[in-house]
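> Starting off with a structure, shown below.
Readers should treat all values here as calculations from the given coordinates under stated rules, not as data from a laboratory. What you are looking at is a predicted structure, and each value in this text was computed from that prediction instead of being measured. Cβ atoms come from the backbone with ideal geometry, glycine included; neighbour counts cover every protein chain shown.
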Amino acid sequence: MNYENILVATHGKVGVITLNRPKALNALSDGLFDDVGLALDGFEADESIGCIVITGSDKAFAAGADISGMKDYGYMDAYKANFITKNWDRVARCRKPLIAAVAGFALGGGCELAMMCDMIFAADNAKFGQPEVKLGILPGAGGTQRLPRAMGKSKAMDMCLTARMIDAVEAERCGLVARIMPAETLLADTLVVAAGIAEYSLPVLMMIKESVNRAYESSLQEGLLFERRSFHAAFATNDRREGMTAFIEKRKPGFTNS
Ligand code: DAK
């Protein structure tokens, strides 16, 4: 499959999508999201893939939606075309574990794309921001909703109302980022973690992801009930039996994704 805006590779059980519009700092266009959607469809359909990584370049994960593409839009153009909505939420609908490996700028839609992933690993040169206010718009792909959930209202307001960028250290301190890694080894280090995840039982990983997302998207009571039911469902898997049996027998489990 030839993609115009991304590079796609597999490393063992890990699928890697690299955003690849270097001249525009990986500015996000509909075409790019079409490519990302197709690549995710492929990885999700591939039983051998257990974890997916989305990354960019050393300089930019993505500097936001493509401003040149929306400069001349009017309200009716945007409303009727459901402007830049197609495929933008495909990433958030991915059922397999998804890591954003972010180096350089993750701004506007770039920051929002990273937040659609399950966790963010940041290079020590990463910069996160929601600078839309400077363009006379507001975040439109989840920034005003996911940022407060990740870092609380005050920090989210600070980022959205002032357009201030935060660095990797601040992003980790406030909970946006899971780990900071050296820029030179970001992808290699992320691949090690992703490969480790991909060794676990895929259906159980999917249940965990679904349950954590419930915490994020629903009330505590609803989330706890969902977690309980998923926990019970894990007892229907062969991998649950294998994992516990292997522990008792003091050996490494051999999961079969069943
Ligand atoms: N769009 C288009 N081109 C961009 C771009 C962008 N977002 N960001 C950078 N570029 C281009 C620059 O125009 C420049 O192109 P040339 O002049 O070389 O042709 C090239 O990339 C290099 O950029 P700079 O020369 O500016 O590089 P610097 O290192 O000096 O500065 C920077 C880097 C990242 C600080 C700067 O480029 C910058 O401020 N970029 C714009 C960042 C920004 O405002 N991002 C937010 C965009 S609005 C929605 C979904 C998503 C969205 C909304 C709705 N729905 C689903 C409804 C999202 C909106 C946004 O993200």
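> Using packing as a proxy for protection, rank 230-238, 52-60 so that the peptide with the highest average count of other Cβ atoms within 10 Å comes first. Before the final figure, lay out each step's value.
Numbers: 230-238: 12.8, 52-60: 21.4.
Result, highest mean first: 52-60, 230-238.
> Next question. Hey, rough spin-label estimate for D189 and I248, points 7 angstrom out along Cα→Cβ, what's it come to in nanometres?
Calculated label separation equals 4.0 nm.
> Would you pull out the residues with amide H under 5 Å of N257's amide H, same chain only if 5 or more places away, H placed 1.01 Å from N?
Amide H neighbours of N257: L202.
> Quick one: which residues, 5+ away or cross-chain, put their amide H under 5 Å from the amide H of A60? H built at 1.01 Å from N.
Result for A60 returns F105.
> Between A178 and M157, what is the FRET efficiency for a Förster distance of 30 Å, r being their Cβ-Cβ separation, to the nearest 0.05?
Details: r = 23 Å, r/R0 = 0.76.
Approximately 0.85, to the nearest 0.05.
> Please get the size of the charge dipole for the stretch 1-105, origin at its Cα centre, with Cβ charges of +1 on Lys and Arg and -1 on Asp and Glu, quoted in debye to the nearest 20.
Working: 11 positive and 13 negative charges, 47 e Å.
With only Lys, Arg, Asp and Glu charged at Cβ, the dipole is about 220 debye.
> Modelled label-to-label distance, L135 and E199, 7 Å Cα→beta-carbon offset: nm?
Those two pseudo-labels are separated by 4.2 nm.
> Ordered by residue, what ³J(HN,Hα) values in Hz, to whole numbers, does the stretch 95-106 give under the Karplus form 6.51 cos²θ - 1.76 cosθ + 1.60, where θ = phi - 60° and Gly and Pro are x?
Computed from phi, the couplings for the stretch 95-106 are 8, 8, x, 9, 10, 8, 9, 10, 10, x, 6, 10 Hz.
> Note down the net charge around F83, summing +1 for each Lys or Arg and -1 for each Asp or Glu among other residues with Cβ under 13 Å from its Cβ. Spell out each step's value before the answer.
Values: positive: K71, K80, K86; negative: D30, D66, D72, D77.
Charge balance in the 13 Å sphere: -1.
> Also, I was wondering about something else. Can you give me the long-range amide H partners of Q130? Hydrogens built in the peptide plane at 1.01 Å from N, cutoff under 5 Å, separation of 5 or more residues or another chain.
Counting only residues 5 or more places away or on other chains, the set is G108.
> Next question. Among rounded, prolate and oblate, which fits the stretch 147-258 when a ≥ b ≥ c are the square roots of the eigenvalues of its C-alpha gyration tensor, a/c under 1.5 means rounded, and a/b larger than b/c means prolate? Intermediate values should be presented prior to the final figure.
Numbers: a/c = 3.75, a/b = 1.55, b/c = 2.42.
Oblate shape, in that a/c is at least 1.5 and b/c is the bigger or equal ratio.
> Let me ask something additional. Taking θ as phi - 60°, what are the ³J(HN,Hα) couplings along the stretch 143-156 by the Karplus curve (6.51, -1.76, 1.60), each to the nearest whole Hz, with x for Gly and Pro?
For the stretch 143-156, the Karplus curve yields x, 6, 9, 7, 4, x, 5, 7, 10, x, 5, 5, 5, 5 Hz.
> If you don't mind, another one. Obtain the nm distance between the two label points defined at M70 and L38 by a simple spin-label model: each point lies 7 Å from its Cα along the Cα-to-C-beta direction.
2.4
> Looking only at Y216, Y75, Y200, which one moves most when the chain is put into a Gaussian network model with springs between Cα atoms under 10 Å?
Result: Y75 has the largest fluctuation of those listed.
> Another one. Filter K71/K127; K13/K155; K80/K209 down to the pairs with a C-alpha to C-alpha distance above 32 Å, please.
Details: K71/K127 24 Å; K13/K155 36 Å; K80/K209 34 Å.
In this structure, K13/K155; K80/K209 exceed 32 Å between Cα atoms.
> Let me ask another. How large is ³J(HN,Hα), in whole Hz, for each residue of the stretch 21-31 in order, when computed from phi with the Karplus curve 6.51 cos²θ - 1.76 cosθ + 1.60 and θ = phi - 60°, using x for Gly and Pro?
10, x, 5, 10, 6, 6, 3, 8, 10, 4, x
> Would you mind putting 147-160, 109-122 in packing order, based on average other-beta-carbon counts within 10 Å, highest first? Walk me through the numbers on the way to the answer.
Numbers: 147-160: 17.6, 109-122: 25.5.
Highest-to-lowest ranking by the protection proxy: 109-122, 147-160.
> Give, as a single signed number, the net charge of other residues whose beta carbon lies under 11 Å from the beta carbon of M116, with Lys and Arg counted +1 and Asp and Glu -1.
Spelling it out: positives minus negatives among the neighbours equals 0.
> Same structure again: With the dipole of the stretch 136-223 worked out from charges on the C-beta (+1 for Lys and Arg, -1 for Asp and Glu) around the Cα centre, which of M207, Q145, I180 lies farthest toward the positive end?
Q145
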